Amino acid sequence: MEEHEISKAVVKRLPRYYRYLGDLLEARVERISSNELSDLMHVTASQIRQDLNNFGGFGQQGYGYNVKYLYTEIGKILGLDQVYNMIIVGAGNLGQALANYVKFEKRGFWIKGIFDVNPRLRGVTVRGIEIRMTDELPQFIRDNEIQIAALTLPKSGAEEVAPVLVENGVKAIWNFAHTDLNVPDDVVVENVHLSESLMQLSYRLSHLDNIGK
């Protein structure tokens with residue numbers, strides 16, 4: 001299949017397809033049509049077909065989609081057939097909550113270390129993972145072949161630690177800090193700005209009265 005640019009909107013929907021197909025697998029559903037999947041996900045059947053056609057389609061006319069096959073193929077597209085070594089930088093409430101989320105491993109994301117600047121946290125373990133000091137980052141990243149770093153620390157800390165991550169080989173940053181990071185083009189950043197998400201929710205809530213008018 002020839003490579004072409006996939007829109008961010010399509011990429012954003014792929015994990016949702018994956019989640020719903022996983023639920024269908026657990027319910028022992030073997031096949032599903034685009035119309036049935038549309039009813040579940042509240043995405044038009046046409047949109048589902050267009051999205052999946054970006055990657056070859058996967059369906060058969062008159063049959064629909066084989067749930068297990070489609071689940072597996074979308075997992076491959078998302079890179080979930082690989083294993084990633086990951087660290088968390090920032091051992092506050094959010095960082096520890098991420099470390100306690102056991103489903104990361106099921107998706108191939110292995111948390112190898114947690115880091116912080118607070119010396120009182122040195123040696124504390126979260127789900128068996130020891131909290132280390134940030135001055136240990138360079139050696140730890142290299143020794144453990146870390147590909148992904150989650151940043152759950154204040155803006156100034158994130159801006160200070162990002163270059164250290166990049167210089168030592170981290171290729172993807174999951175950024176929860178309230179700042180947009182300046183990194184080289186060959187480093188992937190996924191921003192999760194919680195306050196912006198909450199403001200979007202606020203907008204939708206404040207405009208509920210206008211729906212249907």
Which numbered condition trips up residue 59, out of (1) closer than 17 Å to residue 14 by Cα; (2) of a type outside the set (S, T, N, Q); (3) open to solvent by 40 Å² or more (accessible area, probe 1.4 Å); (4) touching a residue at least 40 places away in the same chain (Cβ under 8 Å)? (4)
Filtered residues of the stretch 155-194 (kept if within 16 Å of residue 115 (Cβ to Cβ) and within 14 Å of the chain's Cα centre (by Cα)): 173, 174, 175, 176
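A quick yes/no check of all residues on (1) within 16 Å of the chain's Cα centre (by Cα); (2) farther than 30 Å from residue 168 by Cα; (3) among the small types (Gly, Ala, Ser):
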{"site": "8", "(1), (2), (3)": "yes, no, no"}
{"site": "48", "(1), (2), (3)": "no, yes, no"}
{"site": "85", "(1), (2), (3)": "yes, no, no"}
{"site": "99", "(1), (2), (3)": "yes, no, yes"}
{"site": "102", "(1), (2), (3)": "yes, no, no"}
Would you confirm whether any residue within the stretch 177-196 is touching a residue at least 40 places away in the same chain (Cβ under 8 Å) and either within 22 Å of residue 79 (Cα to Cα) or open to solvent by 30 Å² or more (accessible area, probe 1.4 Å) (or both)? no
When the stretch 26-40 is examined, which residues are found to be part of a helix (DSSP H, G or I) and surrounded by 15 or more Cβ atoms within 10 Å (Cβ to Cβ)? 34, 36, 37, 38
Say whether the condition of being in contact with a Lys or Arg (Cβ under 7 Å, 6 or more places away or on another chain), without any contact (Cβ under 8 Å) to a residue 60 or more places away in the chain and open to solvent by 40 Å² or more (accessible area, probe 1.4 Å) is met by at least one residue in the stretch 69-87. no
Quick count over the stretch 41-55, residues being closer than 16 Å to residue 11 by Cβ and in a loop (DSSP other than H, G, I, E, B), is 3
For residues in the stretch 112-133 being over 25 Å from residue 195 (Cβ atoms) and under 21 Å from the mean Cα position of the chain (by Cα), which is least open to solvent (accessible area, probe 1.4 Å)? 113
Which condition from (1) open to solvent by 80 Å² or more (accessible area, probe 1.4 Å); (2) part of a loop (DSSP other than H, G, I, E, B) is the one that residue 6 breaks? (1)
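Given 136, 160, which one is open to solvent by 70 Å² or more (accessible area, probe 1.4 Å) and on the phi < 0 side of the Ramachandran plot? Steps first, answer last, please.
Numbers: 136 fails: open to solvent by 70 Å² or more (accessible area, probe 1.4 Å).
Exactly one residue qualifies, and that residue is 160.
The values are calculated or read from the model by the stated rules, or taken from the named source; none is laboratory data. None of these values were measured; they are calculated from a predicted model. We place every Cβ from the backbone using ideal geometry, glycine too, and count neighbours over all the protein chains shown. The protein model used for the area step is the full one, side chains on, heavy atoms only, and it has no ligands, DNA or RNA in it. Shrake-Rupley method; radii C 1.70, N 1.55, O 1.52, S 1.80 Å.
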